[in-house]
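Colleague: Submitted below is the structure of interest, expressed as C-alpha cells.
The values are calculated or read from the model by the stated rules, or taken from the named source; none is laboratory data. Predicted model only: the values in this text are computed from it and were never measured. Glycine gets a Cβ as well: all are built from the backbone with ideal geometry, and neighbour counts include every protein chain shown.
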C-alpha cells in the first residue's frame, strides 16, 4: 500500500532536509503509530504520502509509491476547511468523488454524529472552536471511507470526550498512520510503531509492545512520547502578587500560573483573546494593572504588557525568517539570540516560519510573545506539537517566568500541564 525507498524532502529555501533516507513499507490492514522528536519530519512525511508536496514547493529524493484512496487530517484544522457551513464541508469531498446525491447527506449526518459534532449542518465553520474544527475535518476525512487514513495529532485540541469519540471512530478504519502524543487512548488500536530519527531515516520499527521495555526507555530519553513515563511536577509558586488582569470574577495575578480547562466550545480561546486585549469583551470591561480596555491600546504598548500565544501559531507570523520574526518591533539582537537559544530555535534562525514543524512553530510563537518582555503571558494550548523533551523545557520555561514575577495564563486540554504547572485551575 505504501512504499518508501530512501525517501527525502527538502522545503524550498531550506538547507536542511525535513525528512531523509526513509525506508518504509506499510501493508493494507496495518495501523501504524508514527513517532519521533519535534522536527523529525513526521508531518512532512504524512503530507508527502498524501501527495500534497508539489514539485515547486521543494525538492524530493528517493521513491514514494502509494496504492490507496487517501484521507488526511492536518495538524492545523483551519488550513483544511474550505466551506462556510459544517454540513457542506463534509459533503464537499463526497460530491467531488461523485457519490450519489441520495447517499451524501445521510452519510454526512452519520459521520458528524460519530465524531461528536453537536451543531446543526448549517453551523458556520468560522464560528467553531479549534477542537470543534478538528472534529469537523476528521468527519470530512472519514466520510469517503478512505482505504488509508493519515492523521497528524487529531486530538491535540480535543477535550477527553472528543478524544474518546475519535478513538471509537478510528476503530472502524482498516489502515492508518497516526502521529500523536496522547498515545494511551490509541495503544490497543495500533499494530506497529515507527520512530523517525531527526538525523534521517527510521530510528525504530516494531510492535507496540516494545514501548514498555528498554527501547521505550531509550526513546523517552530522546524526546519521543512513550506511555507510562512520568513527567515532572514543578514546585508551586511562592505566592501570587497583584492582579494583572481581571474580567468579571476571573483574574490573573503576578507570580502565579493559572490553567484554564473546559470542553471544546466552552470559551477558552475567546477568554484568552479578550483578556489579551485582542478583541473587545462582549459585555463588561477588562481591567488590568496598567489601565482598562486593553483592546484600545496601541500594539506596541499592548505587546510590552500582555503577550499572547495563539492556538494556531502561524497566525502570529508575518516575516520570512525566524530571526526576523523575533526582531520585529525593534527587539535588541542580544534578546533575539537569547530567545533562539532558550527555545532551541538557533539552528533555524534563517528558516521561513511557515516551513517549521508544528512543535517548532509553537516554540517560535512563544518566543515572539516573550520578545517584548510582557508581565502577563497568555497561552492557548502552549504544549501543542511538542515532543517529550521540548514539552519539559517549555513547561520549565513557563515556571521560571512565573517565579520571576510574570503572570501565566494557559488554556489547555493537556492534563499533564495542569499536573506540572498549575498553581490554580479554573474549569469553564
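Colleague: Collect the residues in region 191-201 that are more than 14 Å from residue 212 (Cα to Cα) and at pLDDT 85 or above, keeping them in residue-number order. So that I can check it myself, show each step before the final result.
Modeller: Taking region 191-201 and keeping what is more than 14 Å from residue 212 (Cα to Cα), we get 191, 194-201.
Result: 191, 194, 195, 196, 197, 200, 201.
Colleague: If you scan region 4-46, which residues turn out to be outside any strand (DSSP E or B), in contact with a helix residue (DSSP H, G or I) (Cβ under 8 Å, 6 or more places away or on another chain) and crowded, with 22+ Cβ neighbours inside 10 Å?
Modeller: 18, 36, 37, 38, 39, 43
Colleague: Does any residue of region 54-67 turn out to be in contact with a strand residue (DSSP E or B) (Cβ under 7 Å, 6 or more places away or on another chain), part of a strand (DSSP E or B), at pLDDT below 95 and crowded, with 20+ Cβ neighbours inside 10 Å?
Modeller: No, region 54-67 contains no residue that is in contact with a strand residue (DSSP E or B) (Cβ under 7 Å, 6 or more places away or on another chain), part of a strand (DSSP E or B), at pLDDT below 95 and crowded, with 20+ Cβ neighbours inside 10 Å.
Colleague: Inside region 233-247, can you point out the residues that are surrounded by fewer than 14 Cβ atoms within 10 Å (Cβ to Cβ) and either in contact with a helix residue (DSSP H, G or I) (Cβ under 9 Å, 6 or more places away or on another chain) or modelled with pLDDT under 90 (or both)? Working first, answer last.
Modeller: Going through region 233-247, the residues surrounded by fewer than 14 Cβ atoms within 10 Å (Cβ to Cβ) turn out to be 233, 235, 238-239, 242.
Passing the criteria: 233, 235, 238, 239.
Colleague: Continuing with the same structure: Would you call residue 195 crowded, with 21+ Cβ neighbours inside 10 Å and either in a loop (DSSP other than H, G, I, E, B) or touching a strand residue (DSSP E or B) at 6+ places or on another chain (Cβ under 8 Å) (or both)? So that I can check it myself, show each step before the final result.
Modeller: Working: crowded, with 21+ Cβ neighbours inside 10 Å: yes; either in a loop (DSSP other than H, G, I, E, B) or touching a strand residue (DSSP E or B) at 6+ places or on another chain (Cβ under 8 Å) (or both): yes.
Answer is yes for this residue.
Colleague: Going by the conditions given, is residue 224 in a strand (DSSP E or B), buried (at least 20 other Cβ atoms within 10 Å of the Cβ) and in contact with a strand residue (DSSP E or B) (Cβ under 6 Å, 6 or more places away or on another chain)? Walk me through it before giving the result.
Modeller: Numbers: in a strand (DSSP E or B): no; buried (at least 20 other Cβ atoms within 10 Å of the Cβ): yes; in contact with a strand residue (DSSP E or B) (Cβ under 6 Å, 6 or more places away or on another chain): yes.
Judged against the criteria, residue 224 is not a match.
Let's see how each residue does on (1) closer than 26 Å to residue 159 by Cα; (2) assigned to a loop (DSSP other than H, G, I, E, B); (3) outside the structural domain of residue 251 (by TED's automatic domain parsing); (4) in contact (Cβ under 8 Å) with a residue 12 or more places away in the chain:
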site: 300; (1), (2), (3), (4): no, no, no, yes
site: 320; (1), (2), (3), (4): no, yes, no, yes
site: 359; (1), (2), (3), (4): yes, no, no, yes
site: 401; (1), (2), (3), (4): no, no, no, yes
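Colleague: Continuing with this model, one more query. Please find, within region 323-336, the residue that is modelled with the lowest pLDDT out of those that are closer than 19 Å to residue 309 by Cβ and not in a helix (DSSP H, G or I).
Modeller: Residue satisfying both the conditions and the ranking: 329.
Colleague: Looking at 145, 180 in this structure, which one is surrounded by fewer than 23 Cβ atoms within 10 Å (Cβ to Cβ) and touching a helix residue (DSSP H, G or I) at 6+ places or on another chain (Cβ under 8 Å)?
Modeller: On the way: 145 fails: touching a helix residue (DSSP H, G or I) at 6+ places or on another chain (Cβ under 8 Å).
Just a single option satisfies the conditions, and that option is 180.
Colleague: If the requirement is being closer than 17 Å to residue 40 by Cα and either buried (at least 17 other Cβ atoms within 10 Å of the Cβ) or out of contact with any helix residue (DSSP H, G or I) (no Cβ under 9 Å at 6 or more places or on another chain) (or both), which of these qualifies: 402, 424, 344? Even if it seems obvious, please write down each step before you answer.
Modeller: Working: 402 fails: closer than 17 Å to residue 40 by Cα; 424 fails: closer than 17 Å to residue 40 by Cα.
Just a single option satisfies the conditions, and that option is 344.
Colleague: Continuing with the same structure: Starting from residues that are over 20 Å from residue 383 (Cα atoms) and out of contact with any helix residue (DSSP H, G or I) (no Cβ under 9 Å at 6 or more places or on another chain), keep the ones in region 327-341 and report whichever is surrounded by the most Cβ atoms within 10 Å (Cβ to Cβ). Please lay out each step first, then the result.
Modeller: Restricting attention to region 327-341, the residues satisfying the condition of being over 20 Å from residue 383 (Cα atoms) are 327-338.
Pick out the ones that are also out of contact with any helix residue (DSSP H, G or I) (no Cβ under 9 Å at 6 or more places or on another chain) and you get 332, 334, 338.
Numbers: 332: 10, 334: 8, 338: 16.
Top of the filtered list is 338.
Colleague: Exactly one of these conditions fails for residue 156: (1) over 18 Å from the mean Cα position of the chain (by Cα); (2) farther than 22 Å from residue 85 by Cα; (3) in a loop (DSSP other than H, G, I, E, B). Give me its number.
Modeller: (1)
Colleague: Across region 159-181, what is the total count of residues that are under 12 Å from the mean Cα position of the chain (by Cα) and over 15 Å from residue 77 (Cβ atoms)?
Modeller: Step one: list which residues in region 159-181 are under 12 Å from the mean Cα position of the chain (by Cα), which gives 179-181.
Filter again for over 15 Å from residue 77 (Cβ atoms), leaving 181.
Number satisfying all stated conditions: 1.
Colleague: Scanning region 350-395 for residues that are crowded, with 23+ Cβ neighbours inside 10 Å and at positive phi, which turns out farthest from the chain's Cα centre (by Cα)?
Modeller: Filtering first and then ranking leaves 381.
Colleague: Which of the numbered conditions does residue 339 fail, given that it passes all the others? Conditions: (1) at pLDDT below 90; (2) in a helix (DSSP H, G or I).
Modeller: With respect to (1) at pLDDT below 90; (2) in a helix (DSSP H, G or I), residue 339 is out only on (1).
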